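What follows is a set of notes on a single structure, which appears directly below.
The values are calculated or read from the model by the stated rules, or taken from the named source; none is laboratory data. What you are looking at is a predicted structure, and each value in this text was computed from that prediction instead of being measured. Backbone-built Cβ (ideal geometry, glycine too); neighbour counts: all protein chains shown. For accessibility, only protein heavy atoms count, side chains too; no ligands or nucleic acids. Shrake-Rupley method; radii C 1.70, N 1.55, O 1.52, S 1.80 Å.
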Amino acid sequence: MPHLTSTEIAGRIEDLYGASLADLEAHAQDQPPGMLSALLGMHDDLALAERGIDVHRDRLARLIHPERQIGRHEVSHLLDGSRRLAEAVAVRDVQAKSAAAVLQSLARIPALPSLSPPLLAPPLPAPPLPAPSRAHSR
């Protein structure tokens, strides 16, 4: 399975539900938890992990800049930054793999009712009333 970014996952979610991510997020807020809210949560976690990767990678790049001396104090920061970067990459990989697997298992659904004009259906007839019984109840 290829590695997907949060942008690619967002595109697949939009394709699956036939609406923009912003519209889907607004719709999910008014609904009980379900597959849509789970996918949106996975996307958010993936995007957060990607931002974490960027932050930790930039911090490490500043720490190992060629014009900068690396002393005892900096070594602990390098180790901590490396650990945090590895954790963010692991979270990103798990989230991307999980989201891609779930999306791959789903088929596109019709447009969400609140995002498209509602179809008017004729009202259902009232159920028939039970026939009165002539037997006396005890």
For this session: Answer with yes or no whether V102 is surrounded by 11 or more Cβ atoms within 10 Å (Cβ to Cβ), within 13 Å of the chain's Cα centre (by Cα) and in a helix (DSSP H, G or I).
Result: yes
Problem set entry | Filter result (part of a helix (DSSP H, G or I) and within 13 Å of the chain's Cα centre (by Cα)) within region 1-15 | S6, T7, E8, I9, A10, G11, R12, I13, E14
Problem set entry | Residue list for region 61-92, filter: of a type in the set (D, E, K, R), open to solvent by less than 70 Å² (accessible area, probe 1.4 Å) and within 30 Å of D44 (Cβ to Cβ) | D80, R92
Seminar exercise, completed: Of the residues in region 16-43, those that are in a helix (DSSP H, G or I) and either at pLDDT 95 or above or open to solvent by less than 40 Å² (accessible area, probe 1.4 Å) (or both) come to L16, Y17, L21, L24, H27, A28, L36, L39, L40, G41, M42, H43
